[in-house]
Structure formats: structure tokens, C-alpha cells
Amino acid sequence: MPTLFVKTGDITEEAVDAIVNAANATLRGGGGVDGAIHRKAGWELLEECVRLKGCAPGDAKMTRAYRLPCRAVIHTVGPIWKGGAQREAETLASCWRTSLDIALREGFRTVRFPSISTGSYGYPIREAARIAVSTVLAHPFAGEVGIVCFTDEDRAVYQEALEEALREG
Ligand code: AR6
């Protein structure tokens, strides 16, 4: 089981083994955290991403990190919220799981995630946080996982989900 914590911050400043990007299926960049990661990493990241030929929702692909202070970027594609009956929960859980599968395979020790799908993809954050926390705590990756929220309000939601999951064991 990983060590899991939650913080407020800018994920592009994390000097860790890998940060996770909340990308879209084209992997050609976008707004939100994806835009921030591409801006800071530089044009070489987009060039490498284009070579990957996209990524399915729930899946994840790794690249180098270029001008970012981390070693690698794991790009995952969250579900677009359509009301909850389109397997959104399964797809979101798969994002967290497949990203950690890559971290485990690569021998990484430290990974940071943003709040996948809760920005422009519209996933209700309380439910997204519950899925995120339970999926991380069930994963065999034994390193350190930090969820880096952009606002204190979002951090509080993830913190509550984490405390609830730990209480329930
Ligand atoms: N560090 C940490 N979190 C951030 C940062 C940052 N620098 N910037 C934004 N966030 P979103 P999604 C938070 O919309 O919902 C993109 O255009 C943000 O406040 O980035 O998965 C992609 O290309 C929010 O809480 O990702 C896709 O088209 C969280 O990151 C689409 O958006 C996720 O919001 C993906 O949508």
C-alpha cells in the first residue's frame, strides 16, 4: 500500500519521480493542468506525446519531463462526466490504477496526481475523491503518493475522503 497524502499546490513544481497529467485522448495538450504541464515542460513534450498516437480514457502513457523538475510524466485520460451511467467511475478508477501500475513497473518511489476529471471534465469532486483515495490505497505500489490540489477547497474534499477511507479501514 502506498503512503498517501493530500496538499494544495502547483503540480508542475513537484521534484518527484513522476507527476500525472490529466490529459485528453489526443495527448496533444489542452487547458487546465495539461496546459500548465506542457507550458513548463516545453515543446519537446508535445513532440513526444504526438508520437504516442493518443490514449484511451482510463489508460495511461509515460513520457520524459523535459524542463519540469520531475523525472517523468504519466499522461492519463479521465472520463468526461455524463451523469454517472457511462462507466465514469470505472474509467476514473482505471486512470489512478494504470498510472500507479506504470510507477510500480518503473521502480518509482514518489508520484504526484492532480484531481483527475474534476475540472473541465466535470466529475463531481466528492465522488472523484472517494474513488481516487480507495484506488490508491488498494494498489501494490509501495512508494509515496501525493494528491496535489489546486485550491484549499479541493484539498479539504480529498482530505476528508482520505480520513474516511482510513477510518473505515
Ligand atoms: N497543479 C495542480 N492542479 C491543477 C493545476 C496545476 N498547475 N492546474 C489546474 N489544476 P483539468 P480534467 C487542477 O480541467 O477535468 C484539459 O484541457 C484544476 O483546478 O485540468 O481532467 C485536458 O487537455 C482541477 O482541479 O482536467 C483535457 O481536455 C484539476 O486540475 C481536460 O482538460 C483537473 O482539471 C481534462 O479535464
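The values are calculated or read from the model by the stated rules, or taken from the named source; none is laboratory data. Fair warning: this is a prediction, and the values are worked out from it, not measured in the lab. Using ideal geometry, Cβ is built from the backbone for each residue, glycine included, and neighbour counts are taken over all protein chains shown. These area figures cover heavy atoms from the full protein model, side chains too; ligands, DNA and RNA do not enter into them. Shrake-Rupley method; radii C 1.70, N 1.55, O 1.52, S 1.80 Å.
Return the only residue of A89, A129 being within 15 Å of the ligand (Cβ to nearest atom) and open to solvent by less than 10 Å² (accessible area, probe 1.4 Å).
Working: A89 fails: open to solvent by less than 10 Å² (accessible area, probe 1.4 Å).
Exactly one of A89, A129 is within 15 Å of the ligand (Cβ to nearest atom) and open to solvent by less than 10 Å² (accessible area, probe 1.4 Å), namely A129.
Just one of the numbered conditions (1) in contact with a Phe, Trp or Tyr (Cβ under 8 Å, 6 or more places away or on another chain); (2) part of a loop (DSSP other than H, G, I, E, B) is not true of V33; which one?
V33 satisfies all of (1) in contact with a Phe, Trp or Tyr (Cβ under 8 Å, 6 or more places away or on another chain); (2) part of a loop (DSSP other than H, G, I, E, B) except (2).
Only one of these conditions is not met by D34: (1) near the ligand (Cβ under 6 Å from one of its atoms); (2) open to solvent by less than 20 Å² (accessible area, probe 1.4 Å); (3) more than 20 Å from T98 (Cβ to Cβ). Which number is it?
Every condition holds for D34 apart from (3).
Could you list, in sequence order, the residues of region 132-161 that are in contact with a strand residue (DSSP E or B) (Cβ under 6 Å, 6 or more places away or on another chain), of a type in the set (A, V, I, L, M) and away from the ligand (no atom under 11 Å from the Cβ)?
V136, V145
Condition (residue is part of a helix (DSSP H, G or I), within 12 Å of the ligand (Cβ to nearest atom) and open to solvent by 60 Å² or more (accessible area, probe 1.4 Å)) applied to region 6-26: is it met by at least one residue?
Keep residues of region 6-26 that are part of a helix (DSSP H, G or I), which gives 11-13.
Keeping just the survivors that are within 12 Å of the ligand (Cβ to nearest atom) gives 11-13.
Now restrict to residues that are open to solvent by 60 Å² or more (accessible area, probe 1.4 Å): 13.
Taking every residue of region 6-26 in turn, at least one turns out to be part of a helix (DSSP H, G or I), within 12 Å of the ligand (Cβ to nearest atom) and open to solvent by 60 Å² or more (accessible area, probe 1.4 Å).
Of all the residues that make up region 92-113, how many are within 15 Å of the ligand (Cβ to nearest atom) and open to solvent by less than 10 Å² (accessible area, probe 1.4 Å)?
Final tally of qualifying residues: 6.
Could you list, in sequence order, the residues of region 74-84 that are free of Cβ contacts under 8 Å to residues at least 24 places away in the same chain and either of a type in the set (A, V, I, L, M, F, W, C) or open to solvent by 70 Å² or more (accessible area, probe 1.4 Å) (or both)?
Once the filter is applied, which keeps residues that are free of Cβ contacts under 8 Å to residues at least 24 places away in the same chain and either of a type in the set (A, V, I, L, M, F, W, C) or open to solvent by 70 Å² or more (accessible area, probe 1.4 Å) (or both), region 74-84 yields only K82.
Can you tell me how many residues in region 134-153 are over 14 Å from the mean Cα position of the chain (by Cα) and within 23 Å of A15 (Cα to Cα)?
Going through region 134-153 one residue at a time, the tally reaches 8.
Can you pull out the residues in region 50-73 that are in contact with a strand residue (DSSP E or B) (Cβ under 7 Å, 6 or more places away or on another chain), assigned to a loop (DSSP other than H, G, I, E, B) and open to solvent by 70 Å² or more (accessible area, probe 1.4 Å)?
Passing the criteria: P57, R71.
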